[in-house]
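Written below as structure tokens is the structure these notes are about.
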Amino acid sequence: MDREVFKKVFHFLNKNGALVTYCSKSIVRKRLENAGFRVVKLPGPPGKREIIRAIKI
């Protein structure tokens, strides 16, 4: 995913706003962190091991 997309999402979210994605690849996690999000891996729904929650801090 494009780095600029995560920076734009970060810009438009309110403080403490959340982004949740089923994609849990490390590249996505790292790019979210680089954009300024606090990233947490969570247990996924049935059939999915993990999901990512990113919070604007």
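Please treat every number below as a calculation from the coordinates, not as lab data. Since the model is a prediction, treat every value here as computed from it, not as a measurement. No Cβ is skipped: glycine too gets one built from the backbone with ideal geometry, and neighbour counts run over all protein chains shown.
Things to note:
Every residue, every condition in (1) surrounded by 15 or more Cβ atoms within 10 Å (Cβ to Cβ); (2) of a type in the set (D, E, K, R), yes or no:
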site	(1), (2)
Ala18	no, no
Ser24	yes, no
Ile27	no, no
Asn34	no, no
Val40	no, no
Pro46	no, no
Arg49	no, yes
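- If the condition is being surrounded by fewer than 12 Cβ atoms within 10 Å (Cβ to Cβ) and either of a type outside the set (Lys, Arg) or in contact with a Pro (Cβ under 9 Å, 6 or more places away or on another chain) (or both), then the stretch 1-16 contributes Asp2, Glu4, Val5, His11, Phe12, Asn14, Asn16.
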